[in-house]
1. Between V175 and V40, 0.36 nm times their residue separation minus their Cα-Cα distance comes to what?
2. Considering the options A39, V117, W73, tell which one lies farthest towards the positive end of the dipole of segment 39-122, charges being +1 on Lys and Arg and -1 on Asp and Glu at the Cβ, about the Cα centre.
3. So what are the ³J(HN,Hα) numbers for segment 149-166, from phi and the Karplus equation (6.51, -1.76, 1.60; θ = phi - 60°), rounded to whole Hz, Gly and Pro as x?
4. At S165 and S132, where each label point lies 7 Å from the Cα along Cα→Cβ, what is the point-to-point distance in nanometres?
5. Say each of Y54 and V110 gets a label point 7 Å from the Cα, pointing the same way as Cα to Cβ; how far apart are those two points in nm?
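What follows draws every value from the coordinates through simple rules; no lab data is involved. Bear in mind that the values here come from a model prediction, so they are computed numbers and not experimental data. Note that each Cβ is placed from the backbone with ideal geometry, even for glycine, and that neighbours are counted across all protein chains shown.
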Amino acid sequence: MKTIRSRIIAAMLAAVALCLSACTFGGDDEPDYDATTLAVGTTAPLFTMYTDEYPDGISLAQLRGGYVLVEFWRSGCRDCQAVTERMKELYDTYAPQGITFVGVSFDTDVDAWRTYVEDNGLDWMQHCEQKSASESAVAAAYNIRWVPTFYLIDPEGNVAFATISIEKMADELRVKSE
């Protein structure tokens, strides 16, 4: 009896953990998450980021003049974790060419977020919303339904490209750098 009860409890805990690590917001009924991102040419919604480099905040508008890649993510998201190494490669390749990288996390546990950033060597600007995407005005403004989601903002502050695929973003960065 204890074994069955233990298995049931373990299964319930696994289900809760899976829900907590889910990378969608508002359900999995979206047929194409890329189709829900802001359209190319749309003015990128402005928001202020509070980072170690800018504890008093820096606005997205202050980063105009060059391309900005914004990754919306969460440390407990398996899909976000799966692209961490590729993001580091993109940063190493394109940051020296002048592209600014920004991470916007929807972690609610700042310690877990900071640990993930430090343990994984995420050396680009990192901002933690300290609230879930479903509660974040930034997530609403960017129509975030899935993490990770990537936005490339052009030098004038408009959406140049948006996708949930890191490889599609890598292709776009390659084109922009040619």
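1. Details: separation 135, 0.36 × 135 = 48.60 nm, distance 1.56 nm.
Full-extension gain reported as 47.0 nm.
2. The residue sitting farthest along the positive end of the dipole is A39.
3. 10, 10, 10, 9, 9, 7, x, 8, x, 10, 5, 9, 6, 8, 6, 9, 9, 5
4. 2.9 nm
5. 1.8 nm
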